[in-house]
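The values are calculated or read from the model by the stated rules, or taken from the named source; none is laboratory data. What you see is a predicted model, and the numbers here were worked out from it, not measured in a lab. Cβ: placed from backbone, ideal geometry, glycine included. Neighbour counts: every protein chain shown. Calculation scope for accessible area: heavy atoms of the full protein, side chains included, ligands and nucleic acids excluded. Shrake-Rupley method; radii C 1.70, N 1.55, O 1.52, S 1.80 Å.
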Amino acid sequence: MSVSVTPPVSCTSCGGQIQDAICGGCKSLQPPGVIDHFARLGLSRTFAIDLAALERAYFQAQRRFHPDRFAGRGAKEKTFSLQHATLINEAYETLRDPLARARYLLDLEGRPLPGGDGRTIADPALLMEAMEWREALEEAAEPAELRALAARVQADTAALEARLGDAFAAHDLGRATNEALRLSYLTKLGAELRRKLLPGQAVP
Amino acid sequence: MTLLDIYEPGETPLPHAGDSDRAAVGIDLGTTNSLVAISTDGRPEILRDALGDGIVPSVVAYLDGEDEPVVGRVATRILEAEPDRVVASVKRLMGRGTGDVASLGGQLAQKIHKPGAGGMVKLDVCGRIVSPVEVSAEILRTLKQRAEWVLGKTVDQAVITVPAYFDDAARTATRDAARLAGLEVLRLVNEPTAAALAYGLDRAAEGLYAVYDLGGGTFDISLLKLEKGVFQVLATGGDAALGGDDFDRLLAQALIDERGDAIAASDVKPVLAVARRAKEALTDTEATTVDLDFGGKATRHEMTRARFDALIAPLVARTIEACRAVLTDAAVEAPALAGVVLVGGSTRVPLVRAEVAGLFGREPLADIDPDEVVALGAALQAEALTRGSDTLLLDVVPLSLGLETMGGLVEKVIPRNTPIPVSRAQDFTTYQDGQTAMAIHVVQGEREMVEQNRSLARFVLAGIPAMVAGAARIRVTFTVDADGLLTVTAKEALTGTEAHVEVKPSYGLSDEEMAAMLQASFENARADVTVRLLAEARVDGRRLMLALDSALAVDGDLLSEDERIALENAKLGLEEAMATDDREAVVAATEALEAVGRPFAERRMDRNIRSALSGVEVSRLETRLQAG
């Protein structure tokens, strides 16, 4: 895995030219560069990622940069390692959640998702769907009905993720935005459904 | 010495790691018991005293006229004679404010110093005012001394474990205690994670594991994924005020109710100690007898396991609920687990084992001593941090961190179970025209309303330029480091006005308090060990005299006049020795008094046995002996 630090800079410890996050000359850790979450984990920038591969990349990155690896170093390197580990966690947290990943990709394209929390729906077709879902949720009372609904949400979510993958692969950002909005709504619905299934328990 | 040693990144040994006269240890600072361990080449072991005892009870006694408190087994022995001078289970008070103590109610046997004064809880131990941080520092100092004695090296670095569910204030307090005891904290590691480390390396385990950790005063449940040396915490939950102490309390309460009389505050601790022994007996037997002797009345009680189970069932059910919540949090079904690990002495209770086995549908693992497993894991991590290792711990924030917003609502900035280290920012704005300052209130917890959560800190960002409402942009950043400790900064974007706080003022020690305490501990640095040994010798002497006085009051008629005079003289000799600072003299005088008193003790025993046997039928005697 290579974490590139933006253009050739000099090492903060020995002043030599560096190509990597760890100086080839004096082996000291450099501050993390400004790179996107995919690059930070050494992954290519796409929506359709393999979660197992993501996890492997995450573990590998933390193995290299986690503060536990720099407990015996000076204050400067300790701080850098804390910064690296924090950014690696942020990258992992963002990329492992499909909705956060879609939102992040749209941010990178300069087309942030409108009405981020899924409360405002402008698209009429999506609005109709949302209302149907809402009705189904309100009518479902028996645990069996709720579970059937949860299974439907799950199946639809999987299908949506596949369509999102296609849209991003085709660089069709309009379609991607639409599907991401749909996913954001479905995610919210799934949370409400879990709350209804498990009364008295906090749902993240 | 080689000048050209080149180390792989992150594998450079500490400057001192090569020194053979220094060592880094792992410490389990428990509610009831504490342990210290060291790991060499991936093999951790508990450091024991000369008698092979690895446990230091987390009990501290402050004796009259002694500067140095007494810690551990000796302090436990003082508990029955002078309960007011003994502090136990202080971990329950770590990071607590005076406001929190009300919720602990009558559970504390210790007097709280000036409740309602705000700030950190302090204890009033017979006029001496001590903070939980200072009491914990005494325990840590004892562990440090034990490690130095066993290893023959300076021990000034440690990994210390804390319950995963400890909030930020309690973590900060633990760190402060270590500093006060002269220990640099290499890392605060969560207890279940440490336990998993000990298990994982022991069995080369892979897959999902649940760690159920029920100690003396805290309960944790963590779900971890173990994979090729990575220990990734997926979710954690628990109750920072639920443990085996509560089982003792319920059992004691049931016995006191059975007697039907009131109990004086000074009798509470001894009765709790009796209840605890009964609880332990019920682990292996179905029934036990309990003798209570206080308030001038001695009573005998039967306690069966079934009755004990019924008493504690609601508490055990609470732990099972927490386990379910954590499984839900991580979206994991019980059958998907590769194993369930039991940690903490309270998991010896048969009902606990049965309920855990029932929930997870499998027999839990307990082949590493549940009292020792956490310290062993901590030692492994201490070695990993100082000498390098292939393992990696990835932990999470146990409780959501947020800010108070309008109307007393909480805006979560970092949700629980987010991997650490983590940094998250949130933007806020002014709500009044010309507003130049903003109060920032940091809270921790899962509830919607501020007052239902733990308040961690309040600070003010001043110097915001006067603008119309909503124009200023204030970015508040929460940063949690690898120890799980929080720092909050607030910055106004236009002017760069900045304020930041390391979250400690409400419940941790202020820097001035810390400085004063460190100063005091330097001044008292005079041969710590000698002082402690002297204090322990005095304790033993005092105990013997107290026991003798009460025996003379009851069975004085067993002695001839000559014998009584000899005994009085030996006692005088001990009193004189105790007035000096000569430990040898105290020990010798104690032994002399014991020798003179031995025939008296034997006669008393004969008399007690005869009176116990009189009027008891042989058949009943047998059952009594079995039950005992």
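Of note:
- There is at least one residue in segment A:99-112 that is closer than 21 Å to residue A:163 by Cβ, within 14 Å of chain B (Cβ to nearest Cβ) and surrounded by fewer than 16 Cβ atoms within 10 Å (Cβ to Cβ).
- Checking the stated criteria, residue A:9 turns out not to satisfy the condition of being at pLDDT below 90, out of contact with any Ser or Thr (no Cβ under 7 Å at 6 or more places or on another chain) and buried (at least 19 other Cβ atoms within 10 Å of the Cβ).
- Considering residues of segment A:155-185 that are open to solvent by 20 Å² or more (accessible area, probe 1.4 Å) and acidic (Asp, Glu) only, the residue nearest to residue A:98 (Cα to Cα): A:161
- Among residues of segment A:27-45, those that are modelled with pLDDT of 90 or more and either within 11 Å of chain B (Cβ to nearest Cβ) or not in a loop (DSSP other than H, G, I, E, B) (or both), counted: 4
- Residue check, residue A:48 more than 11 Å from every other protein chain (Cβ to nearest Cβ), over 18 Å from residue B:233 (Cα atoms), surrounded by fewer than 23 Cβ atoms within 10 Å (Cβ to Cβ) and hydrophobic (A, V, I, L, M, F, W, C): yes
- Complete set of residues in segment B:335-364 that are over 30 Å from residue A:67 (Cβ atoms) and open to solvent by 40 Å² or more (accessible area, probe 1.4 Å): B:335, B:336, B:348, B:353, B:354, B:355, B:358, B:361, B:362, B:363
- Pairs linking a residue in segment B:452-463 that is under 15 Å from residue B:412 (Cβ atoms) to a residue that is of a type in the set (D, E, K, R), with Cβ atoms under 8 Å and 6 or more positions apart or on different chains, are B:453/B:446; B:453/B:447; B:454/B:167; B:456/B:167; B:456/B:168.
- Figure legend. Inter-residue proximity from segment B:347-375: first residues farther than 20 Å from residue B:217 by Cα, second residues surrounded by fewer than 19 Cβ atoms within 10 Å (Cβ to Cβ) and among the β-branched types (Val, Ile, Thr), beta-carbon distance below 6 Å, spacing 6+ or different chains. Indicated pairs: B:359/B:320.
- Candidates are the residues of segment B:206-231 that are of a type in the set (D, E, K, R) and more than 14 Å from every other protein chain (Cβ to nearest Cβ); the one that is farthest from residue B:365 (Cα to Cα) is B:220.
- Scanning segment B:459-486 for residues that are outside any loop (DSSP other than H, G, I, E, B), open to solvent by 40 Å² or more (accessible area, probe 1.4 Å) and modelled with pLDDT of 85 or more yields B:475, B:479.
- Segment B:142-168, residues that are touching a Gly at 6+ places or on another chain (Cβ under 8 Å) and in a helix (DSSP H, G or I): B:142, B:144, B:168
- Within segment B:534-574, the set of residues being outside any helix (DSSP H, G or I) and either farther than 12 Å from residue B:600 by Cα or open to solvent by 50 Å² or more (accessible area, probe 1.4 Å) (or both) comprises B:560 only.
- Qualifying residue in segment B:432-447 (condition: open to solvent by less than 40 Å² (accessible area, probe 1.4 Å) and among the hydroxyl-bearing types (Ser, Thr, Tyr)): no
- Filtered residue count, segment B:119-133, keeping only those that are on the phi > 0 side of the Ramachandran plot and buried (at least 24 other Cβ atoms within 10 Å of the Cβ): 0
- Whichever residue in segment A:15-26 is part of a loop (DSSP other than H, G, I, E, B) and within 13 Å of another protein chain (Cβ to nearest Cβ) and, among such residues, is nearest to the chain's Cα centre (by Cα): A:21
- Against the test of being crowded, with 22+ Cβ neighbours inside 10 Å, over 17 Å from the mean Cα position of the chain (by Cα) and of a type outside the set (Phe, Trp, Tyr), the options B:234, B:251, B:214 yield a single qualifying residue, B:251.
- Looking at segment B:280-394, the helices (runs of 4 or more DSSP H) lying wholly inside it that each contain 3 or more residues that are under 30 Å from residue B:185 (Cβ atoms) sit at B:305-329, B:373-387.
- Evaluated against (1) under 28 Å from residue B:75 (Cα atoms); (2) touching a Pro at 6+ places or on another chain (Cβ under 8 Å); (3) open to solvent by less than 20 Å² (accessible area, probe 1.4 Å); (4) at pLDDT below 90, residue B:266 falls short on exactly one condition, (3).
- When residues in segment A:57-83 are screened for being more than 9 Å from chain B (Cβ to nearest Cβ), more than 12 Å from residue A:30 (Cα to Cα) and assigned to a helix (DSSP H, G or I), 4 of them pass.
- Those residues of segment B:404-424 which are at pLDDT 90 or above and more than 11 Å from chain A (Cβ to nearest Cβ), in sequence order: B:413
- Counting the residues of segment B:169-194 that are in a helix (DSSP H, G or I), within 16 Å of the chain's Cα centre (by Cα) and away from chain A (no Cβ under 14 Å) gives 12.
- Filter result (part of a helix (DSSP H, G or I) and of a type outside the set (A, V, I, L, M)) within segment A:46-56: A:55, A:56
- Residues in segment A:51-98 that are open to solvent by less than 30 Å² (accessible area, probe 1.4 Å) and of a type in the set (S, T, N, Q): 5 in all.
- Of all residues in segment B:448-458, those satisfying the criterion of being open to solvent by 30 Å² or more (accessible area, probe 1.4 Å), away from chain A (no Cβ under 14 Å) and not basic (Lys, Arg) are B:451, B:455.
- Hits in segment B:134-170 (condition: open to solvent by less than 20 Å² (accessible area, probe 1.4 Å) and of a type outside the set (A, V, I, L, M)): B:136, B:161, B:163, B:166, B:168
- Of all the criteria given as (1) at pLDDT 90 or above; (2) touching a Lys or Arg at 6+ places or on another chain (Cβ under 8 Å); (3) farther than 30 Å from residue B:286 by Cβ, the one not satisfied by residue B:328 is (1).
- Residue check for residue B:304: closer than 17 Å to residue B:215 by Cα and either open to solvent by less than 30 Å² (accessible area, probe 1.4 Å) or away from chain A (no Cβ under 14 Å) (or both): no
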